[in-house]
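Visitor: Please see the structure below; I have some questions.
The values are calculated or read from the model by the stated rules, or taken from the named source; none is laboratory data. Keep in mind the model is a prediction, meaning the values are calculated, not measured. Cβ sites come from the backbone with ideal geometry, for glycine too, and all protein chains shown count toward neighbours. Ligands, DNA and RNA are excluded from the accessible area calculation, which covers all protein heavy atoms including side chains. Shrake-Rupley method; radii C 1.70, N 1.55, O 1.52, S 1.80 Å.
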Amino acid sequence: MKISNPYNKQGIWLRGSFHNHTTNSDGHHPLSTVYRMYHDYDFLGISDHDLITPHEGERTIPTVFEAIEVSSSQTHMLLVNPPASLMEGYSNEFTISNYQRLSDLCIENNGLSILAHPNRFFSHYWRHEDILSMKRFNGIEVVNGDGNPEYDIAFDKWDFLLSSGRKVWGFGNDDSHVYGQEKRAWNMVLAADNTNASILSAIREGSFYVSTGYGIDAVRVEEDQITFDLRSSPLYDNMYKYVTLFGKEGRILHEETGKIKQVKYTCTGDEGYIRMAVYLEGGFGAFSQPLFVEA
Ligand SMILES: [Zn+2]
Ligand SMILES: [Zn+2]
């Protein structure tokens, strides 16, 4: 049996969000205010609608990313680290060929292509057939914090894609437009160091998880067994936790609750993939990337 483990590496955990707006599009605050909203983040992306906002001015955030939200009236796509040439003849028209072309340009620039808030039912909704028609992208936003926390959640679509054999990662982003939307969802990246290149490379390999307030210390694989070390501290260790391991088609492989610090699972070989979701009592969560299992 072969089990892929994207967390099997040395590095430091870095916290950041790639999807945030300024007054350059429909955000309520200028770039300088957005920097202050996220002053203690390790990295931050600014992704205005259909334009690339340049980074400028004072900030305490060590690493910043240029980004753009391709914003047709149908679907939205987040491109992180796009080349400047993306804007030559730019159009946000939603056709698979246009979106794929923009996605390819960004990926070829060592950037990331992420389908944004795919379950936003009232608008900007990604249909299953459209997602499957996109051949090359890095992942989807499984948690988007933009004011619709009850349905800007897309774990079902992630399981659908993973079960269709697509190796795509889950992202968590605030999609912040106004005070109060910051720090609802973010990515914790296990990177060699805090540089643009290390963060992008770690994410391409799946060495990150999504957090809405809780964490994962480590994920280890020994023979057929996977061990998830939940974030531990004297405080956390005393809190009740709800852990679920999901496999292909969203099948529940294992559930465990209690004041636990660690979850172990022995693979049988037919899981397809295994991803872990943990909630602290109170609802704060952490969501691992899938570990792929080959019999
Ligand atoms: Zn959007
Ligand atoms: Zn947005």
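Visitor: Being open to solvent by 40 Å² or more (accessible area, probe 1.4 Å), within 26 Å of residue 112 (Cβ to Cβ) and outside the structural domain of residue 17 (by TED's automatic domain parsing), is that true of even one residue in the stretch 254-268?
Guide: No; the residues of the stretch 254-268 include none that is open to solvent by 40 Å² or more (accessible area, probe 1.4 Å), within 26 Å of residue 112 (Cβ to Cβ) and outside the structural domain of residue 17 (by TED's automatic domain parsing).
Visitor: A further question follows. Looking only at the stretch 93-117, how many residues end up being among the acidic types (Asp, Glu) and under 20 Å from the mean Cα position of the chain (by Cα)?
Guide: Just the residues of the stretch 93-117 that are among the acidic types (Asp, Glu), to begin with: 93, 104, 108.
Narrowing the set further to residues that are under 20 Å from the mean Cα position of the chain (by Cα) leaves 104, 108.
Total satisfying the criteria: 2.
Visitor: Additional query: Residues being open to solvent by less than 10 Å² (accessible area, probe 1.4 Å), within 16 Å of ligand 1 (Cβ to nearest atom) and touching a Ser or Thr at 6+ places or on another chain (Cβ under 8 Å): count how many of those fall in the stretch 146-205.
Guide: Residues in the stretch 146-205 being open to solvent by less than 10 Å² (accessible area, probe 1.4 Å), within 16 Å of ligand 1 (Cβ to nearest atom) and touching a Ser or Thr at 6+ places or on another chain (Cβ under 8 Å): 5 in total.
Visitor: Which one of these does residue 69 not meet: (1) farther than 21 Å from residue 200 by Cβ; (2) of a type outside the set (Lys, Arg); (3) within 14 Å of ligand 1 (Cβ to nearest atom)?
Guide: Among (1) farther than 21 Å from residue 200 by Cβ; (2) of a type outside the set (Lys, Arg); (3) within 14 Å of ligand 1 (Cβ to nearest atom), residue 69 violates only (1).
Visitor: Something else now. Do you know which residues across the stretch 48-68 are in contact (Cβ under 8 Å) with a residue 60 or more places away in the chain and open to solvent by less than 10 Å² (accessible area, probe 1.4 Å)?
Guide: Result: 63, 65.
Visitor: Contact list please: Cβ distance under 9 Å, first residue in the stretch 107-122 and in contact (Cβ under 8 Å) with a residue 12 or more places away in the chain and more than 13 Å from ligand 1 (Cβ to nearest atom), second residue β-branched (Val, Ile, Thr) and open to solvent by less than 10 Å² (accessible area, probe 1.4 Å), pairs at least six apart or on different chains.
Guide: 111/80; 112/80; 112/203; 113/80
Visitor: Further question on the same structure: I'm trying to understand the selection: among the residues of the stretch 35-64, which are within 16 Å of ligand 1 (Cβ to nearest atom) and not acidic (Asp, Glu)?
Guide: Correct list: 45, 46, 47, 49, 51, 52, 53.
Visitor: Residue by residue through the stretch 205-264, note down the ones that are in a strand (DSSP E or B) and either modelled with pLDDT under 95 or more than 23 Å from residue 187 (Cβ to Cβ) (or both). Before the answer, list the steps.
Guide: Going through the stretch 205-264, the residues in a strand (DSSP E or B) turn out to be 208-211, 216-222, 225-230, 241-246, 252-258, 262-264.
Residues satisfying the conditions are 222, 225, 252, 253, 254, 255, 256, 257, 258, 264.
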